[in-house]
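There's a structure below that I have some questions on.
Rule-based calculations on the coordinates, nothing more; no lab input. This one's a predicted model, so the numbers in the text were calculated from it and none came from an experiment. Cβ: placed from backbone, ideal geometry, glycine included. Neighbour counts: every protein chain shown.
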């Protein structure tokens, strides 16, 4: 439920409460927020205060207003919007280096902290990747590959790492797709995650980090050779 605001920083409090509702999933991305009269009553603020708060969130990219329709949730965090905007301005190599930093640490932590449930989920996505590679289904392979990497990051048990990684997944998925588009004639890579998955299962943090390094080095080489 929305809480009534105090007189202090009313606009900021409106912003904080709306962001909290979005982050908790009560207002999912793509959903339409309640109409202005309802929000004014629940928050006990003036229309101008509410409008200022919504305007600020629209400017930040969290909300978007459709003329004659209403206001919709565009993103689940201002951090995500900021990162995605930065990614759009960055080169593929820059994005790949950030990906390496996050995935390497995620691999280390996952090797230390993974549960049997994590292992089952990771192995399930690994098997799905291998099956789709054998079928030659590139688009579904890219989606399964991304799920595998997300499962490894989730096994790290670090919420901030998960959030940061989640916000660059679109750019990561694009880099995978670009690489596979160029190399599709040579077939999809089967069993490319073997070393990484084995290291995580064996709780070998250094081997897990090395497996990530090897994979990213291969992608960097592909960029340098013009294959991506």
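Just grab the label-to-label distance for residue 117 and residue 97, each label 7 Å out from Cα along the Cβ direction, in nm (one decimal).
3.8
For each of 83, 152, count neighbouring Cβ atoms within 10 Å of the residue's Cβ, then give the residues from fewest to most.
The order, fewest Cβ neighbours first, is 83, 152.
Moving to a separate point now. Please give the calculated 222 nm ellipticity per residue for the chain, where each DSSP H segment of at least 4 residues contributes -39500 (n - 2.57) and the sum is spread over every residue; nearest 500 deg cm²/dmol?
Per the formula, -22500 deg cm²/dmol.
Report the Cα centroid-to-centroid distance between the stretch 13-46 and the stretch 120-143 in angstrom, as an integer.
Measuring centre to centre over Cα atoms gives 39 Å.
In the stretch 142-165, whose amide N lies under 19 Å from the spot 7 Å out along Cα-to-Cβ of residue 127? List them in ranges.
Answer for this model: 142-152.
How far, in degrees from 0 to 90, does helix 138-154 lean away from the longest principal axis of the Cα atoms of the chain, to the nearest 10?
So the helix axis and the longest Cα principal axis differ by about 70 degrees.
Can you sort 42, 103 so the residue with the fewest Cβ neighbours within 10 Å comes first?
If I rank by nearby Cβ atoms, fewest first, I get 42, 103.
Taking only Cα atoms and a 10 Å spring cutoff, compute GNM fluctuations for the chain and point out the largest among 147, 203, 89.
89
In the stretch 59-80, whose amide N lies under 14 Å from the spot 7 Å out along Cα-to-Cβ of residue 12? List them in ranges.
none
Once a ≥ b ≥ c are taken as the square roots of the eigenvalues of the Cα gyration tensor of the stretch 78-117, is the result rounded (a/c under 1.5), prolate (a/b larger than b/c) or oblate (a/b not larger than b/c)?
Oblate shape, in that a/c is at least 1.5 and b/c is the bigger or equal ratio.
Along Cα→Cβ, 7 Å out, is where each label goes; now give me the distance between the ones at residue 66 and residue 85 in nm to one decimal.
2.3
Could I ask something else about it? Could you list 138, 160 so that the one with the fewest beta carbons within 10 Å of its beta carbon is first and the one with the most is last?
Ascending number of Cβ neighbours within 10 Å: 160, 138.
In a Gaussian network model over the chain where Cα atoms closer than 10 Å are linked, find which of 122, 201, 33 has the largest mean-square fluctuation.
Highest fluctuation among the options: 33.
Let me ask something else. Assuming R0 = 35 Å, can you tell me the calculated FRET efficiency for the pair residue 214 and residue 137, based on Cβ-Cβ distance, to the nearest 0.05?
My answer for the efficiency is 0.90.
Here's something else I'd like to know. Connecting C-alpha atoms closer than 10 Å in a GNM of the chain, tell me which of 100, 72, 141 has the biggest fluctuation.
Per the Cα network of the chain with a 10 Å cutoff, 72 tops the list.
Could you tell me the relative contact order of the chain? Use alpha-carbon pairs under 8 Å, at least six residues apart, and round to a whole percent.
Relative contact order of the chain: 20 percent.
Of the labelled options [x] 0.95; [y] 1.23; [z] 1.01, which one gives Cα Rg over 2.2 N^0.38 Å as computed for this structure?
Recomputing Cα Rg over 2.2 N^0.38 Å here picks out [y].
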